[in-house]
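Working notes, structure below.
The values are calculated or read from the model by the stated rules, or taken from the named source; none is laboratory data. Quantities reported herein were computed from a predicted structural model and do not represent experimental measurements. Using ideal geometry, Cβ is built from the backbone for each residue, glycine included, and neighbour counts are taken over all protein chains shown.
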(Lines give C-alpha, C1' and ligand atoms only; values in the text may rest on other atoms or scores of the structure.)
Protein backbone atom coordinates (compact mmCIF):
# COMPACT_ATOMS: atom_id res chain seq x y z
CA UNK A 1 0.00 0.00 0.00
CA UNK A 2 1.46 3.35 -1.05
CA UNK A 3 1.49 5.87 1.79
CA UNK A 4 -0.04 9.17 0.74
CA UNK A 5 2.08 12.31 0.70
CA UNK A 6 1.35 16.02 1.00
CA UNK A 7 4.51 17.88 -0.03
CA UNK A 8 4.88 21.65 0.18
CA UNK A 9 7.34 23.56 -2.03
CA UNK A 10 8.00 26.99 -0.57
CA UNK A 11 10.14 27.96 -3.59
CA UNK A 12 12.02 31.28 -3.05
CA UNK A 13 9.74 32.33 -0.22
CA UNK A 14 10.27 32.42 3.51
CA UNK A 15 12.31 34.28 6.11
CA UNK A 16 12.86 33.31 9.73
CA UNK A 17 9.43 34.65 10.67
CA UNK A 18 7.73 32.13 8.38
CA UNK A 19 8.99 29.28 10.53
CA UNK A 20 6.07 30.13 12.81
CA UNK A 21 3.79 28.78 10.08
CA UNK A 22 5.72 25.51 10.24
CA UNK A 23 5.45 25.53 14.04
CA UNK A 24 1.69 25.94 13.70
CA UNK A 25 1.52 23.06 11.23
CA UNK A 26 3.58 20.89 13.59
CA UNK A 27 1.19 21.60 16.44
CA UNK A 28 -1.76 20.73 14.23
CA UNK A 29 -0.25 17.48 12.87
CA UNK A 30 2.25 15.96 15.31
CA UNK A 31 1.40 12.49 13.96
CA UNK A 32 -0.48 12.81 10.64
CA UNK A 33 -1.93 9.68 9.04
CA UNK A 34 -0.30 10.67 5.74
CA UNK A 35 3.28 11.76 5.08
CA UNK A 36 3.77 15.52 5.27
CA UNK A 37 6.87 17.13 3.77
CA UNK A 38 7.86 20.80 3.66
CA UNK A 39 10.63 21.97 1.31
CA UNK A 40 11.71 25.45 2.46
CA UNK A 41 14.54 27.51 0.96
CA UNK A 42 17.97 26.19 1.88
CA UNK A 43 18.57 29.06 4.31
CA UNK A 44 15.76 27.72 6.52
CA UNK A 45 16.31 23.99 6.10
CA UNK A 46 18.22 23.25 9.30
CA UNK A 47 15.93 25.40 11.44
CA UNK A 48 12.88 23.88 9.76
CA UNK A 49 14.15 20.40 10.59
CA UNK A 50 14.65 21.47 14.20
CA UNK A 51 11.15 22.94 14.30
CA UNK A 52 9.49 19.64 13.38
CA UNK A 53 11.94 17.21 14.99
CA UNK A 54 9.46 16.12 17.68
CA UNK A 55 6.79 15.35 15.06
CA UNK A 56 6.36 13.07 12.05
CA UNK A 57 6.54 16.01 9.62
CA UNK A 58 9.59 15.87 7.35
CA UNK A 59 11.59 18.53 5.51
CA UNK A 60 13.32 18.45 2.15
CA UNK A 61 15.40 20.47 -0.28
CA UNK A 62 14.40 22.15 -3.53
CA UNK A 63 17.45 21.12 -5.57
CA UNK A 64 20.89 19.56 -5.23
CA UNK A 65 24.12 19.30 -7.21
CA UNK A 66 25.06 16.11 -9.02
CA UNK A 67 28.50 16.03 -7.36
CA UNK A 68 29.18 15.19 -3.74
CA UNK A 69 31.54 18.15 -3.20
CA UNK A 70 33.94 20.42 -5.03
CA UNK A 71 34.38 23.84 -6.63
CA UNK A 72 30.72 24.62 -7.27
CA UNK A 73 30.12 28.01 -5.72
CA UNK A 74 26.57 28.53 -4.55
CA UNK A 75 25.53 24.91 -5.02
CA UNK A 76 24.43 22.40 -2.38
CA UNK A 77 25.12 18.68 -2.45
CA UNK A 78 22.65 15.96 -1.56
CA UNK A 79 24.82 15.04 1.42
CA UNK A 80 24.61 18.61 2.69
CA UNK A 81 20.83 18.48 2.50
CA UNK A 82 20.81 15.21 4.43
CA UNK A 83 23.19 16.69 7.01
CA UNK A 84 20.83 19.66 7.46
CA UNK A 85 17.91 17.34 8.20
CA UNK A 86 16.34 16.71 4.80
CA UNK A 87 14.78 13.38 3.85
CA UNK A 88 13.91 14.29 0.25
CA UNK A 89 14.71 16.73 -2.52
CA UNK A 90 12.65 18.15 -5.41
CA UNK A 91 14.38 17.74 -8.77
CA UNK A 92 13.52 18.78 -12.30
CA UNK A 93 10.84 21.28 -11.37
CA UNK A 94 9.75 23.22 -14.46
CA UNK A 95 11.11 26.40 -12.90
CA UNK A 96 14.55 24.79 -12.72
CA UNK A 97 14.22 23.46 -16.26
CA UNK A 98 13.19 26.88 -17.57
CA UNK A 99 15.16 29.31 -15.38
CA UNK A 100 18.39 27.30 -15.28
CA UNK A 101 18.22 25.34 -18.51
CA UNK A 102 18.26 21.97 -16.78
CA UNK A 103 17.96 19.04 -19.17
CA UNK A 104 16.76 15.51 -18.48
CA UNK A 105 20.33 14.22 -18.18
CA UNK A 106 21.11 16.90 -15.56
CA UNK A 107 18.12 15.86 -13.50
CA UNK A 108 19.01 12.19 -13.82
CA UNK A 109 22.52 12.88 -12.49
CA UNK A 110 21.12 14.88 -9.59
CA UNK A 111 18.62 12.14 -8.81
CA UNK A 112 21.38 9.54 -8.73
CA UNK A 113 23.32 11.72 -6.30
CA UNK A 114 20.26 12.20 -4.11
CA UNK A 115 19.48 8.49 -4.01
CA UNK A 116 23.11 7.61 -3.31
CA UNK A 117 23.06 10.02 -0.35
CA UNK A 118 19.91 8.42 1.06
CA UNK A 119 17.39 11.05 -0.01
CA UNK A 120 14.09 10.47 -1.78
CA UNK A 121 14.10 12.13 -5.20
CA UNK A 122 10.86 13.88 -6.15
CA UNK A 123 11.26 14.11 -9.92
CA UNK A 124 8.92 16.56 -11.64
CA UNK A 125 7.49 16.13 -15.12
CA UNK A 126 5.01 18.26 -17.01
CA UNK A 127 4.03 19.81 -20.29
CA UNK A 128 3.60 23.40 -21.46
CA UNK A 129 0.30 24.80 -22.67
CA UNK A 130 1.53 24.65 -26.26
CA UNK A 131 2.43 20.99 -25.86
CA UNK A 132 -0.94 20.25 -24.29
CA UNK A 133 -2.80 22.00 -27.10
CA UNK A 134 -0.73 20.10 -29.68
CA UNK A 135 -1.79 16.81 -28.05
CA UNK A 136 1.86 16.03 -27.20
CA UNK A 137 1.42 15.68 -23.46
CA UNK A 138 2.09 11.95 -23.11
CA UNK A 139 5.07 12.07 -25.48
CA UNK A 140 6.59 14.88 -23.44
CA UNK A 141 5.95 13.12 -20.13
CA UNK A 142 7.34 9.85 -21.46
CA UNK A 143 10.51 11.52 -22.67
CA UNK A 144 11.05 13.34 -19.40
CA UNK A 145 10.59 10.10 -17.46
CA UNK A 146 12.98 8.14 -19.64
CA UNK A 147 15.64 10.83 -19.46
CA UNK A 148 15.27 11.98 -15.85
CA UNK A 149 14.61 8.83 -13.79
CA UNK A 150 17.69 6.76 -12.87
CA UNK A 151 17.86 2.98 -13.25
CA UNK A 152 18.39 2.57 -9.49
CA UNK A 153 14.92 3.89 -8.71
CA UNK A 154 12.62 2.06 -6.31
CA UNK A 155 9.43 2.80 -4.43
CA UNK A 156 11.60 3.85 -1.50
CA UNK A 157 13.79 6.43 -3.23
CA UNK A 158 11.62 7.76 -6.08
CA UNK A 159 8.49 9.93 -6.14
CA UNK A 160 7.16 11.31 -9.43
CA UNK A 161 5.26 14.59 -9.48
CA UNK A 162 3.13 15.55 -12.48
CA UNK A 163 3.01 19.31 -12.72
CA UNK A 164 1.53 20.73 -15.93
CA UNK A 165 3.54 23.90 -16.43
CA UNK A 166 0.49 25.88 -17.50
CA UNK A 167 -1.29 25.11 -14.21
CA UNK A 168 1.50 26.11 -11.81
CA UNK A 169 0.45 29.20 -9.90
CA UNK A 170 -2.12 30.18 -12.54
CA UNK A 171 -5.28 28.92 -10.89
CA UNK A 172 -5.89 26.75 -13.96
CA UNK A 173 -6.29 23.04 -13.31
CA UNK A 174 -6.57 20.20 -15.83
CA UNK A 175 -9.81 18.29 -15.81
CA UNK A 176 -9.93 15.27 -13.54
CA UNK A 177 -9.93 13.05 -16.61
CA UNK A 178 -6.77 14.76 -17.90
CA UNK A 179 -5.04 14.31 -14.55
CA UNK A 180 -6.10 10.67 -14.46
CA UNK A 181 -4.88 10.03 -18.00
CA UNK A 182 -1.38 11.31 -17.20
CA UNK A 183 -1.11 9.54 -13.84
CA UNK A 184 -2.27 6.25 -15.33
CA UNK A 185 0.27 6.72 -18.13
CA UNK A 186 3.08 7.37 -15.63
CA UNK A 187 2.12 4.27 -13.65
CA UNK A 188 2.11 2.11 -16.76
CA UNK A 189 5.50 3.42 -17.87
CA UNK A 190 7.01 2.76 -14.45
CA UNK A 191 5.65 -0.79 -14.38
CA UNK A 192 6.95 -1.44 -17.88
CA UNK A 193 10.43 -0.16 -17.07
CA UNK A 194 10.96 -1.38 -13.50
CA UNK A 195 8.52 -4.27 -13.22
CA UNK A 196 5.12 -4.43 -11.65
CA UNK A 197 6.34 -4.51 -8.05
CA UNK A 198 8.50 -1.39 -8.20
CA UNK A 199 6.21 0.34 -10.68
CA UNK A 200 3.23 0.02 -8.39
CA UNK A 201 5.15 1.12 -5.29
CA UNK A 202 6.32 4.53 -6.57
CA UNK A 203 4.14 7.37 -5.31
CA UNK A 204 2.69 9.78 -7.87
CA UNK A 205 1.87 13.35 -6.86
CA UNK A 206 -0.18 15.94 -8.70
CA UNK A 207 0.94 19.56 -8.59
CA UNK A 208 -0.46 22.70 -10.17
CA UNK A 209 -2.83 25.08 -8.35
CA UNK A 210 -3.86 22.52 -5.73
CA UNK A 211 -5.98 24.22 -3.07
CA UNK A 212 -8.21 23.12 -0.18
CA UNK A 213 -11.26 23.64 -2.41
CA UNK A 214 -10.18 21.24 -5.18
CA UNK A 215 -7.92 18.82 -3.30
CA UNK A 216 -10.55 16.20 -2.43
CA UNK A 217 -11.64 15.82 -6.06
CA UNK A 218 -8.04 15.54 -7.24
CA UNK A 219 -7.17 12.95 -4.58
CA UNK A 220 -10.07 10.78 -5.76
CA UNK A 221 -8.45 10.40 -9.19
CA UNK A 222 -6.82 7.09 -10.13
CA UNK A 223 -3.11 6.84 -9.24
CA UNK A 224 -2.96 10.20 -7.46
CA UNK A 225 -1.12 9.48 -4.20
CA UNK A 226 -0.90 13.06 -2.99
CA UNK A 227 0.14 16.52 -4.05
CA UNK A 228 3.16 18.75 -4.55
CA UNK A 229 1.81 22.10 -3.44
CA UNK A 230 3.29 25.55 -4.04
CA UNK A 231 1.63 28.71 -2.75
CA UNK A 232 -0.99 26.96 -0.62
CA UNK A 233 1.78 25.36 1.47
CA UNK A 234 3.08 28.70 2.74
CA UNK A 235 0.27 29.15 5.24
CA UNK A 236 -0.48 26.45 7.78
CA UNK A 237 -4.23 26.89 7.55
CA UNK A 238 -4.25 26.59 3.75
CA UNK A 239 -2.00 23.54 3.74
CA UNK A 240 -4.07 21.99 6.52
CA UNK A 241 -7.10 21.91 4.24
CA UNK A 242 -5.08 19.90 1.71
CA UNK A 243 -3.67 17.55 4.36
CA UNK A 244 -7.17 16.96 5.73
CA UNK A 245 -8.49 16.18 2.27
CA UNK A 246 -5.68 13.67 1.74
CA UNK A 247 -6.22 12.05 5.13
CA UNK A 248 -9.89 11.60 4.25
CA UNK A 249 -9.27 10.35 0.69
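Of all residues in the range 14-32, how many are over 18 Å from residue 45 (Cα atoms), surrounded by fewer than 18 Cβ atoms within 10 Å (Cβ to Cβ) and touching a residue at least 40 places away in the same chain (Cβ under 8 Å)?
So the answer is 1.
Which one of these does residue 109 not meet: (1) touching a helix residue (DSSP H, G or I) at 6+ places or on another chain (Cβ under 8 Å); (2) touching a residue at least 40 places away in the same chain (Cβ under 8 Å)?
(1)
Regarding residue 104, is this residue in contact with a helix residue (DSSP H, G or I) (Cβ under 9 Å, 6 or more places away or on another chain), farther than 20 Å from residue 161 by Cβ and touching a residue at least 40 places away in the same chain (Cβ under 8 Å)?
Here the answer is no, as residue 104 does not meet what is asked.
Could you please find all residues in the range 154-181 being within 20 Å of residue 111 (Cβ to Cβ) and in contact with a strand residue (DSSP E or B) (Cβ under 8 Å, 6 or more places away or on another chain)?
Scanning the range 154-181 gives 155, 156, 157, 158, 159, 160, 161, 162, 163.
Just to check your reading of the model, which residue among 42, 48 is touching a strand residue (DSSP E or B) at 6+ places or on another chain (Cβ under 8 Å), surrounded by fewer than 21 Cβ atoms within 10 Å (Cβ to Cβ) and modelled with pLDDT of 95 or more?
Just a single option satisfies the conditions, and that option is 42.
Among the residues of the range 164-172, is there at least one that is farther than 30 Å from residue 134 by Cα and at pLDDT below 95?
No, the range 164-172 contains no residue that is farther than 30 Å from residue 134 by Cα and at pLDDT below 95.
Only one of (1) closer than 18 Å to residue 11 by Cβ; (2) within 17 Å of the chain's Cα centre (by Cα) is not met by residue 47, so which one is it?
Every condition holds for residue 47 apart from (2).
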